[in-house]
Amino acid sequence: METFKCSKCHKELDSSETYEYRGAFSCEEHFDEVQKSRDFERQEVMEETNASVLSQRNGEFISNRSKYHLGNVASDGLPIIKVKESPRLRAYEGRP
């Protein structure tokens, strides 16, 4: 039988008593806290990613204006750039 650990109290749980929310596991008692914590963490990751994208688009476009053409420029006139994956995003998704 598969077992999980509550991410709040670290209690061992079997699959029938485990609650999962966006990749985080919890017991019934701590589900609301884990849910709020995971939502807050997700919001921080999204804000960090959006800030990174904007700074990359603005900075790279200004210094490399000549290398962009209509095929890779968004409707707002800034380039479409591949997002750099942050360590925080990898940690949120549970990847090494």
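The values are calculated or read from the model by the stated rules, or taken from the named source; none is laboratory data. The structure displayed is predicted, hence computed values, not measured ones. Positions of Cβ are generated from backbone atoms using ideal geometry, with glycine treated the same way; all protein chains shown enter the neighbour counts.
Being polar (S, T, N, Q) and modelled with pLDDT under 75: is that true of Asn58 here?
In short, yes.
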(message) On the basis of being more than 24 Å from Cys6 (Cβ to Cβ) and at pLDDT 65 or above, does Gly71 make the cut?
(response) no
(message) Looking at the structure I just gave you, is Asn50 modelled with pLDDT of 65 or more, surrounded by 10 or more Cβ atoms within 10 Å (Cβ to Cβ) and on the phi < 0 side of the Ramachandran plot?
(response) yes
(message) I need a count of the residues in segment 1-46 that are among the hydroxyl-bearing types (Ser, Thr, Tyr), within 21 Å of Ala91 (Cα to Cα) and either part of a helix (DSSP H, G or I) or free of Cβ contacts under 8 Å to residues at least 12 places away in the same chain (or both).
(response) 1
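From the list Ser52, Ser16, Ser37, pick out the single residue that is hydroxyl-bearing (Ser, Thr, Tyr) and closer than 17 Å to Thr3 by Cα.
Ser16
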(message) Of everything in segment 9-26, what is more than 19 Å from the chain's Cα centre (by Cα) and under 21 Å from Arg42 (Cβ atoms)? Give them in sequence order.
(response) Thr18, Tyr19, Ser26
(request) Hey, can you tell me all the residues within segment 25-56 that are of a type in the set (D, E, K, R) and touching a Cys at 6+ places or on another chain (Cβ under 9 Å)? (result) Glu29
